[in-house]
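The structure appears below as C-alpha cells.
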Amino acid sequence: MDTDRLADEVERLADRLRALSDVRLARPLPPHPSRADAARAVAQLLADRAAQLEGRQPRELPRLPDLAVGDQVAVTGTDLVIAAAAVRGSEEGGEGDAGVLAAITAGVNACRELRLAL
C-alpha cells in the first residue's frame, strides 16, 4: 500500500465531511456520539500515526467545531502522507518499512470505513 492511496482516501473522506451539514454531522454514529466525533477519532489516529513515524510523542488534537472536522482530517492525513514518504525516502527496505506500511494501512482503513459509514 502506498502513500498515494492514503492521500486519495484522506481527500475523499475530507470532501465527504465538508459536504455534510452541521445537523448531519451531529447525528449519532455508534460507538461515537456523533459523526463529527467519529471524524475526530480518525483525525486523531492519523495524527498519532504521523507522530509515531516522526519519532514524536502523540498529542491530543484540539476539539474544533463540527464543520471543521473535514479540514482537520485533511490536515492530519496530509501530515501522515508526508511523514510516511519521508521515512520511506530515508530507509530502504529496513525495519521502518513495516512501520510505514502499518501506518498507511491503518490510515486508509480508518478513512474508508468512516466514509462508507457516513
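Read-outs throughout are calculated quantities, based only on the coordinates presented, and are distinct from any laboratory measurement. What you see is a predicted model, and the numbers here were worked out from it, not measured in a lab. As a convention, Cβ positions derive from the backbone with ideal geometry for all residues, glycine included, and neighbour counts pool all protein chains shown.
A few points about this structure:
- Panel order for VAL108, VAL69, VAL75, by other beta carbons found within 10 Å of each beta carbon, from fewest to most: VAL75, VAL108, VAL69.
- Under DSSP loop assignment and at most 16 Cβ neighbours within 10 Å, longest GluC sites (Glu not before Pro)-free interval of the chain: 1-59
- Counted charge near ASP2, where neighbours are those whose Cβ lies closer than 11 Å (Asp, Glu -1; Lys, Arg +1): 0
- Based on alpha carbons, the Rg and Dmax found for segment 3-117 are 14.1, 47 Å.
- Counting neighbouring Cβ atoms within 10 Å and putting the fewest first, the residues SER34, SER21 line up as SER21, SER34.
- Charge dipole of the chain about the Cα centre (unit charges at C-beta), most positive-ward option of ALA19, VAL73, ALA83: ALA19
- For LEU29, the residues 5 or more places off, or on other chains, whose built amide H falls under 5 Å of its own are SER34, ARG35.
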